[in-house]
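The structure appears right after this line, and notes come after that.
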Amino acid sequence: MSQKALVILGIESSCDDTSAAVIKNDTILSNITAGQAIHEQYGGVVPELASRAHQQNIIPVVDAALKKAAVSLEEIDAIAFTKGPGLMGSLVVGTSFAKATALALNIPLLDVNHMHGHILAHFINEGQAMPNFPFICLTVSGGHTQLVLVKSPLDLTVMGTTIDDAAGEAFDKIAKIIGLPYPGGPLVDKLAQVGDPNRFEFSKPSVGGYDYSFSGLKTSVLYFLQKQTKENPNFIEENKADICASVQHTILTILFKQLTKLASDLSITDIAIAGGVSANSGLRHRLIATGEEKGWRVFIPKFEYCTDNAAMIAIAGKFLYEKGIFADQTVSALARLPFERQ
Ligand code: KG4
Ligand code: ZN
């Protein structure tokens, strides 16, 4: 007799995307995300506006996810939600919704660390190869840059992290200096594709261990552009693609230096990337090329599982469910949730 399928509703609301997903075992039935265009005019996410938009979006988004999955609320076995890290006001919306719904339906709650969700998105089953344990995941998002040693779905250790800005933050802040709208990362990526990555040289701050630093790069780009625009006010406009390609090349060189060092020190050859910046085409190409050179098996998420989404939260919740690790009604959102489970 076959075992009953496990149906999980996932909720993600840590930043500026309201997302709901329904999974059945390890396959996705639906994954619906509502973005928030309102922040564009401010050049960054405005927390108060984000939490208000989550409040407006959450019920329609969950409704749409259930409809697309053709699953009724009664068929859901558990609710997984992002407990943190993220913006407090945003997290509270998803957390409260998950708690209230789990209480009403009398089903278990699964509290997921957003960063674990990004990594465990590799286990969404779409017939692709999945990493073997242990593997290394370079997690690069707007708020984090981490080199994670993944020994099992529930045993994840940060081996290196940024001591200042995250890689996505570096993309976005430099994009802003160049005059690109928020979030600038995808636009830098697009322009970089037609630019010369070796045209300009920027500083590559190097830190000890497996850690990262990106704030020096941002400052070096700022000073360089200030100097150039004094001589030629159209410098940025005339050289935009080359600036973007050179900046992206520098960020990737910084990222890969520590990644290759860690992989070699630990003799690990299964290497994954995750998080919003893993959508970057230069990063994806460079991982494939480095993998060929070093004999790695590389794992690159599908675009829809790179940026924030609830499918990754649901799949991370599935691993908690299988181990019987449930949250209770006293659980609360944590803006600075420690990476390792307490
Ligand atoms: O993981 P994510 O969606 O949200 C956070 O948890 O932070 O990551 C968002 C970040 C932003 O900094 C955005 O600019 C960056 O990912 N990003 C990219 C690309 N797509 C998204 N950065 C560079 N190239 C891209 N194609
Ligand atoms: Zn994220």
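The values are calculated or read from the model by the stated rules, or taken from the named source; none is laboratory data. Here the structure is a predicted model, which is why all the values come from computation and not from measurement. For neighbour counting, all protein chains shown are included, and Cβ atoms are generated from backbone atoms with ideal geometry for every residue, glycine included.
Among the listed residues A5, A65, A70, A53, identify the single one that is buried (at least 22 other Cβ atoms within 10 Å of the Cβ), at pLDDT 95 or above and among the aliphatic types (A, V, I, L, M).
Numbers: A5 fails: buried (at least 22 other Cβ atoms within 10 Å of the Cβ); A70 fails: buried (at least 22 other Cβ atoms within 10 Å of the Cβ); A53 fails: at pLDDT 95 or above.
Checking each option against the conditions leaves just A65.
Return the only residue of I313, I288, I300 being within 24 Å of N125 (Cα to Cα), away from ligand 1 (no atom under 15 Å from the Cβ) and not basic (K, R). Quick ask: steps written out before the conclusion?
Values: I313 fails: away from ligand 1 (no atom under 15 Å from the Cβ); I300 fails: away from ligand 1 (no atom under 15 Å from the Cβ).
Testing whether each residue is within 24 Å of N125 (Cα to Cα), away from ligand 1 (no atom under 15 Å from the Cβ) and not basic (K, R) leaves just I288.
On the basis of being within 17 Å of the chain's Cα centre (by Cα) and surrounded by 15 or more Cβ atoms within 10 Å (Cβ to Cβ), does G185 make the cut? Taking the combined requirement at face value, the residue satisfies it. Filtering the stretch 12-38 to residues that are buried (at least 24 other Cβ atoms within 10 Å of the Cβ), farther than 17 Å from K302 by Cα and more than 15 Å from ligand 1 (Cβ to nearest atom) leaves A20, V22.
Counting only residues that are loosely packed, with under 15 Cβ neighbours inside 10 Å and of a type in the set (S, T, N, Q), which one in the stretch 220-233 is farthest from R284 (Cα to Cα)? Before you say what the answer is, go through the steps one by one.
Our first condition is that a residue be loosely packed, with under 15 Cβ neighbours inside 10 Å; within the stretch 220-233, this holds for 222-223, 226-227, 229-233.
With of a type in the set (S, T, N, Q) added as a condition, the list becomes 226, 229, 232.
Values: Q226: 31, T229: 32, N232: 34 Å.
If we take residues in the stretch 220-233 being loosely packed, with under 15 Cβ neighbours inside 10 Å and of a type in the set (S, T, N, Q), then N232 is farthest from R284 (Cα to Cα).
Taking the stretch 1-46 as the region of interest, the strands (runs of 3 or more DSSP E) fully inside it that hold 1 or more residues being in contact with a helix residue (DSSP H, G or I) (Cβ under 9 Å, 6 or more places away or on another chain) and basic (K, R) are 18-24. Taking the stretch 206-221 as the range and being in contact (Cβ under 8 Å) with a residue 12 or more places away in the chain, under 12 Å from T161 (Cα atoms) and in a loop (DSSP other than H, G, I, E, B) as the test, the residues that pass are V207, G209, Y210, D211, S213, F214. Restricting attention to the stretch 249-294, the residues that are in contact with a Lys or Arg (Cβ under 7 Å, 6 or more places away or on another chain) and among the charged types (D, E, K, R) add up to 1.
Scanning the stretch 118-155 for residues that are within 16 Å of ligand 1 (Cβ to nearest atom), under 17 Å from F319 (Cα atoms), among the hydrophobic types (A, V, I, L, M, F, W, C) and not in a loop (DSSP other than H, G, I, E, B) yields I119, L120, A121.
Considered as a group, the residues in the stretch 308-331 that are outside any helix (DSSP H, G or I), of a type outside the set (V, I, T) and touching a residue at least 24 places away in the same chain (Cβ under 8 Å) include one that is nearest to V194 (Cα to Cα), and that residue is D308. Exactly one residue out of D111, D77 is buried (at least 24 other Cβ atoms within 10 Å of the Cβ), among the acidic types (D, E) and modelled with pLDDT of 95 or more, and it is D111.
The set of residues in the stretch 80-108 being of a type in the set (K, R), surrounded by fewer than 22 Cβ atoms within 10 Å (Cβ to Cβ) and assigned to a strand (DSSP E or B) is empty.
Within the stretch 312-329, is there a residue that is buried (at least 19 other Cβ atoms within 10 Å of the Cβ) and within 20 Å of Y212 (Cβ to Cβ)? Within the stretch 312-329, none of the residues are buried (at least 19 other Cβ atoms within 10 Å of the Cβ) and within 20 Å of Y212 (Cβ to Cβ). Among the residues making up the stretch 73-130, a single one is touching a residue at least 60 places away in the same chain (Cβ under 8 Å), farther than 16 Å from A310 by Cβ and small (G, A, S): A129.
Consider the stretch 234-277 and keep the residues that are in a helix (DSSP H, G or I) and within 16 Å of ligand 2 (Cβ to nearest atom). The one that is surrounded by the fewest Cβ atoms within 10 Å (Cβ to Cβ) is G276. If only residues of the stretch 156-201 that are within 16 Å of ligand 2 (Cβ to nearest atom) and in a helix (DSSP H, G or I) are counted, the one that is farthest from G43 (Cα to Cα) is A167.
Results for (1) within 16 Å of ligand 2 (Cβ to nearest atom); (2) farther than 30 Å from L191 by Cβ; (3) under 20 Å from the mean Cα position of the chain (by Cα), shown as yes or no for each residue.
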| position | (1), (2), (3) |
| --- | --- |
| K67 | no, yes, no |
| A80 | yes, yes, yes |
| N113 | yes, yes, yes |
| N125 | no, yes, yes |
| P131 | no, yes, yes |
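Of the residues in the stretch 290-342, how many are within 16 Å of ligand 2 (Cβ to nearest atom) and among the hydroxyl-bearing types (S, T, Y)? Here the count works out to 2. Beta carbons closer than 8 Å, at least 6 apart along the sequence or on distinct chains, pair a first residue in the stretch 283-307 that is outside any helix (DSSP H, G or I) with a second that is charged (D, E, K, R) and surrounded by fewer than 13 Cβ atoms within 10 Å (Cβ to Cβ) for K302/E126.
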